[in-house]
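Colleague: Before I ask anything, let me first share the structure, which is written out below as structure tokens.
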Amino acid sequence: MPPPPDAPVSAMRRLLPEPAGPVDPVEAYADLPVAAGRPGVRLNMVASIDGAIAVDGRSGGLGGGADRRVYLALRALTDVVLVAAGTARAEGYGPATVAEHLAPGRAARGQAPVPRIAVVTRSLSLDWDTRLFTGARADARPIVVTCASAPAQGLRDAERAGAEVLVAGDAEVDLPAALVALGERGARSVLAEGGPRLNAALAAAGVIDEICMTVSPRLVGGDAGRSLNGPEPRPGGTPMRLWAVYEEEGFLFMRHRTVA
Ligand SMILES: NC(=O)c1ccc[n+]([C@@H]2O[C@H](COP(=O)([O-])OP(=O)(O)OC[C@H]3O[C@@H](n4cnc5c(N)ncnc54)[C@H](OP(=O)(O)O)[C@@H]3O)[C@@H](O)[C@H]2O)c1
């Protein structure tokens, strides 16, 4: 049977654990990480060869067709997309969509048609008139993940905008508690999409199970940030184990998992 018209043509090939190709990104990434007592957390980031995570303040300048296909595959596989407010503001986040040809897979896995977006914020300084809130499907209400010290007016604004408010922690979001609460809402998998300050907090809390790092074939230079911006999660660094490597159009797609 020919592929449906909106099916992307991918020439991704696997380099490790053993070479294979072509591979479909949705199938390649279908082995979601699992964790006890909370949803499994997969972090996805793109960086230049020299480690920059943004060009002119956004990640778009690092991407390309191959990177976008992996990004969409990861979203198609997850229940919740977790994103920091800084990134949601910088990247102009909207509601998640899933390509038509990937919908049957979600249904077969018992997942909602599209993942919910959960924005992590203490300030609640979000634009409630953006499509993230005004354009969300009724079955994929955005979630605002915040803490007890959040401004009361912001909480009212969030609820008025149709968001579900999840409070975890006092001065800042208690990320392990927030993940447990997402699990109680039915999430089995969470795709963290950054940015660097949320990533550092997730790493410090020990709740990253897998890192999907795309190396974009570009040198950027300058003073762009790195994937983690925060205190060292563990003295001497946190060891991770290489799980798989793929390549397409010069982009390298690395997957590392935590060492048990
Ligand atoms: N290359 C990539 O793959 C990639 C991916 C994502 C982002 N980025 C880039 O990263 C940059 C944005 O970075 P950023 O420095 O703004 O960091 P960020 O991690 O995106 O956002 C930080 C903000 O998120 C909220 N936050 C994070 N952790 C929290 C916690 N534990 N409790 C409460 N709130 C928390 C706070 O929001 P409030 O201020 O609202 O309290 C905080 O100010 C952009 O340039 C973006 O393009 C790149």
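Colleague: Pop a pseudo-label 7 angstrom from the Cα along the beta-carbon direction at both Ser149 and His101 and give the gap in nm to one decimal.
Modeller: 4.9
Colleague: Please list Arg241, Arg106 from largest to smallest accessible area, probe radius 1.4 Å, with all protein chains kept in place.
Modeller: Arg241, Arg106
Colleague: Here's a follow-up. Segment 55-105 to segment 159-193: how many Å between their Cα centroids?
Modeller: Segment 55-105 and segment 159-193 have Cα centres spaced 19 Å from each other.
Colleague: Which order do Tyr246, Tyr93, Tyr71 take by accessible area at a 1.4 Å probe, largest first?
Modeller: Result of the area sort, largest leading: Tyr71, Tyr93, Tyr246.
Colleague: Next question. Tell me which residues come under 5 Å, amide H to amide H, from Leu16 once H is placed; ignore anything under 5 positions away on its chain.
Modeller: For Leu16, the qualifying residues are Val245.
Colleague: For a quick protection proxy, order the peptides 48-55, 125-132 by their average other-Cβ count within 10 Å, most packed first.
Modeller: So the order, starting with the most tightly packed, is 48-55, 125-132.
Colleague: How high is the relative contact order of the chain, in percent, with contacts defined as C-alpha pairs under 8 Å that are six or more residues apart?
Modeller: Reported as a whole number, the value is 28 percent.
Colleague: Using a Gaussian network for the chain with springs between C-alpha atoms less than 10 Å apart, which of these wobbles most: Thr214, Thr78, Thr134?
Modeller: Its mean-square fluctuation being the largest, the pick is Thr134.
Colleague: If you don't mind, another one. Would you kindly find the accessible area of Glu27, with a 1.4 Å probe and non-protein molecules such as ligands, DNA and RNA excluded, rounding to the nearest 10 Å²?
Modeller: Surface accessible to solvent at Glu27 totals approximately 140 Å².
Colleague: Place a point 7 Å from the Cα of Arg257 along the Cα-to-Cβ direction; which residues of segment 14-32 have their backbone N under 17 Å from it?
Modeller: Correct set: 15-18, 27-32.
Colleague: Can you list the HN-Hα couplings for segment 135-151, worked out from phi with the Karplus curve (6.51, -1.76, 1.60; θ = phi - 60°), rounded to whole Hz and with x for Gly and Pro?
Modeller: Here the 3J(HN,Hα) series is x, 6, 5, 4, 8, 9, 4, x, 10, 9, 9, 9, 10, 4, 7, 5, x Hz.
Colleague: Moving to a separate point now. Starting at the first residue of segment 74-84, write each ³J(HN,Hα) from the Karplus equation 6.51 cos²θ - 1.76 cosθ + 1.60 with θ = phi - 60°, in whole Hz, x for Gly and Pro.
Modeller: 5, 5, 5, 9, 9, 8, 9, 9, 9, 9, 6
Colleague: Can you work out ³J(HN,Hα) from phi for every residue in segment 66-71, in order, using Karplus 6.51 cos²θ - 1.76 cosθ + 1.60 and θ = phi - 60°, giving whole Hz and x for Gly and Pro?
Modeller: Values per residue, Gly and Pro as x: 5, 5, 5, 5, 5, 4 Hz.
Colleague: Considering only segment 34-258, what is the antiparallel percent among its DSSP beta bridges, to the nearest 5?
Modeller: For segment 34-258, the DSSP antiparallel bridge percentage is about 40.
Colleague: On average, how much accessible surface per residue is there in the chain, in Å², for a 1.4 Å probe, leaving out ligands, DNA and RNA?
Modeller: 48
Colleague: Cα axis of helix 175-184 to longest principal axis of the chain: angle in degrees, 0 to 90, nearest 10?
Modeller: Between helix and principal axis, roughly 90 degrees.
Colleague: Now for a separate question. Taking amide H positions as placed in the peptide plane 1.01 Å from N, state which residues far from Val165 in sequence (5 or more) or on other chains have amide H under 5 Å from it.
Modeller: Distant-sequence amide H within range of Val165: Val144.
Colleague: For segment 213-255, what % of the accessible area comes from carbon and sulfur atoms, probe 1.4 Å?
Modeller: 55
Colleague: A further question on this structure: On alpha carbon coordinates alone, what is the Rg over Rh value for the chain, Rh being the Kirkwood radius?
Modeller: Taking Rh as the inverse mean 1/r over Cα pairs, Rg/Rh reads 0.95.
The values are calculated or read from the model by the stated rules, or taken from the named source; none is laboratory data. As the structure is a prediction and not an experimental result, all values here were calculated from the model. As a convention, Cβ positions derive from the backbone with ideal geometry for all residues, glycine included, and neighbour counts pool all protein chains shown. Just the protein is used for accessible areas: all its heavy atoms, side chains included, with ligands, DNA and RNA removed. Shrake-Rupley method; radii C 1.70, N 1.55, O 1.52, S 1.80 Å.
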